[in-house]
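Below: the structure, in structure tokens.
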Amino acid sequence: MRQFVVASVIGTRPEAIKMLPLIRALASIPAIAQKIVFTGQQPGLASMMKLDTETIHLPHVPGKAPVGQSRWRLRAMIAAQIKRSGPDLLLVHGDTTSAVAGALAAWDRGVPIGHVEAGLRSFDPRAPWPEEGNRIVIDRMADLLFAPTSDAADNLLDDHLVKGRIFITGNTGIDALFAARDSTRKPPPSAERTLVVTCHRKENQGRRTRDICTALIAIADRLPVSIAFPLHANPAVRRPIEQMLGGHPRIRLLEPLTYREMVRLMTQSWAILTDSGGLQEEGTALGRPVLVLRDVTERGEAIASDNIRLVGTDPDRIFAEVGALCANPTRYRAMSMPSLTFGDGRAAPRIASIIAEWLARCENSRALPLPAQPISANDLDHDDAMVSRQLEAV
Ligand SMILES: CC(=O)N[C@@H]1[C@@H](OP(=O)(O)OP(=O)(O)OC[C@H]2O[C@@H](n3ccc(=O)[nH]c3=O)[C@H](O)[C@@H]2O)O[C@H](CO)[C@@H](O)[C@@H]1O
């Protein structure tokens, strides 16, 4: 039997972190050859991933273009790559401009699409923008949809324009987290209460960043907490933060950390304050309370399990929520229970086996299987037996 070609599009740090476990799992399948397309949306990712598969680097266009222009440019360049290498399946991850451009390029060329981390919704088209629109568009074009949780799968089932095969697999980000956590010596417990902070979202730039920094100064000045703040690489994000927080004795501004360093910092942390999607999932799996610097989240499962709380960006509210964690051990303990709601660390091999089985069936059927009926609600259980039942139907 011939080798199948599976191409993956990578544009940002979270895509690199969350796709690496799947790329490694696919590499262990002899029938599959891979091509990794780096779009340059964020530079330096290939060296971070240390891949030994074929990689393609799209030319980086300096300067910050409007989102629509970037999407069009990336779509055209990825379509040209697809024309050259004709993959049997194109994988995209999440909700970035690179992901939606990759899916559109595959759509243009009639190449089947696999969406990793499918089904996340904030149900607010403007927050986050353009991510909410991106992931809806991708899900409606995708042939294989890998939903991290049953809630995400429910979102897909509720959208009658989603026609692909839905699988509940867990989030590959938890695979990456556990691999990084278990590959380093367990750090000694930190005597100090360290609050890990990250802030990078477009909607939090400007006044909201200043409000968040005002809260951090009050926290560092008045609460028994020190702050470790790994800065985002984007100068427009980090500059105002450096101006407001630089030099504060109880606030450590850090250069962007490697993933392993970041996992070590989170493992040692007392709590996490962030607008990041990935950190909400990681804090939940590690059992660290996560306060979210947003008004909405796609991780409703972790609100239900009281692992995360939405605190928004009002400085007084942020200070009060961190203060309550300090003053209320019962609340702190309740938010510190590790939960596998976002995955058990085996999502990547699960997805890889689904892909290998699906490609083989496509080959045997000599045609792309018609989009089968979405899975029924009673299929939404989180185990491998369910996945194999779904595959039988392909
Ligand atoms: C709407 C939304 O929520 N979308 C999310 C967004 O991703 P995000 O919000 O998680 O983005 P960031 O916060 O930039 O990355 C976080 C990762 O980086 C690690 N990290 C952090 C600081 C550091 O110094 N070193 C590191 O290694 C950290 O542990 C974590 O794993 O887009 C992704 C792609 O579409 C989606 O998957 C994801 O849903």
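The values are calculated or read from the model by the stated rules, or taken from the named source; none is laboratory data. This structure is a prediction, so every number in the text was calculated from the model and none was measured. Using ideal geometry, Cβ is built from the backbone for each residue, glycine included, and neighbour counts are taken over all protein chains shown. These area figures cover heavy atoms from the full protein model, side chains too; ligands, DNA and RNA do not enter into them. Shrake-Rupley method; radii C 1.70, N 1.55, O 1.52, S 1.80 Å.
Here are the numbers for this structure:
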item: Residue-level accessible surface for Met244, protein heavy atoms, 1.4 Å, Å²; result: 70 Å²
item: Mean ellipticity per residue at 222 nm, deg cm²/dmol - from DSSP H runs of n ≥ 4 across the chain, formula -39500 (n - 2.57); result: -14000 deg cm²/dmol
item: Mean accessible surface per residue for the chain, computed with a 1.4 Å probe while every protein chain stays in place, in Å²; result: 42 Å²
item: Residue with peak Gaussian network fluctuation, the chain [Cα springs, cutoff 10 Å], from Leu144, Leu51, Leu265; result: Leu51
item: Most mobile listed residue (Leu254, Leu91, Leu58) in the chain, GNM with C-alpha springs under 10 Å; result: Leu254
item: Gyration tensor (alpha-carbon) shape descriptor, the range 187-335, a/c threshold 1.5; result: rounded
item: Neighbour-limited loop hits for trypsin sites (Lys or Arg not before Pro), the range 1-67 (at most 16 other Cβ within 10 Å; DSSP other than H, G, I, E, B); result: Arg2, Lys50, Lys64
item: Cα shape, the range 37-194, gyration tensor, a/c 1.5 rule; result: oblate
item: Accessible surface of Phe123 - all protein chains present, 1.4 Å probe, nearest 10 Å²; result: 150 Å²
item: Estimated distance in nm for a label pair at Ala236 and Phe123, the labels positioned 7 Å out from Cα along Cα-to-Cβ; result: 3.1 nm
item: Nearest-10 value in Å² for the accessible area of Tyr332, using the 1.4 Å probe; result: 50 Å²
item: Fluctuation leader among Pro87, Pro256, Pro189 - the chain, Gaussian network, Cα springs under 10 angstrom; result: Pro189
item: Residues of the range 187-212 with amide N under 11 Å of the 7 Å Cα→Cβ point at Lys64; result: 202-203, 205-206
item: For Val37, distant residues with modelled amide H under 5 Å away; result: Ser8, Val9, Ile10, Ile56
item: Whole-Hz couplings from phi, Karplus 6.51/-1.76/1.60, listed for the range 252-260; x for Gly and Pro; result: 9, 8, 10, 5, x, 8, 5, 4, 5
item: Under 19 Å from the Leu257 label point (7 Å along Cα→beta-carbon), backbone N, the range 195-215; result: 195-201
item: Label point distance in nm, Gln205-His160, each placed 7 Å from Cα along Cα→Cβ; result: 3.9 nm
item: Portion, in percent, of the accessible area of the chain that falls on carbon or sulfur, probe 1.4 Å; result: 55 percent
item: Per-residue ³J(HN,Hα) for the range 278-294, Karplus 6.51 cos²θ - 1.76 cosθ + 1.60, θ = phi - 60°, Hz, x for Gly and Pro; result: x, 5, 5, 6, 5, x, 5, 5, 7, x, 10, x, 10, 9, 9, 7, 9
item: The range 62-101-the range 104-168 distance, computed between alpha-carbon centres (Å); result: 16 Å
item: Added length on full extension, which subtracts the Cα-Cα distance from 0.36 nm per residue, Glu192 to Ser47; result: 48.8 nm
item: Leu310 long-range amide H proximity, modeled H, under 5 Å; result: Val292
item: Sequence-distant residues sharing a close amide H with Phe4 (under 5 Å, placed H); result: Ile32, Ala33
item: Karplus-derived 3J(HN,Hα), 6.51/-1.76/1.60, for each residue of the range 142-158, Hz, glycine and proline x; result: 6, 8, 10, 10, 9, 8, x, 9, 5, 4, 5, 5, 4, 4, 6, 5, 6
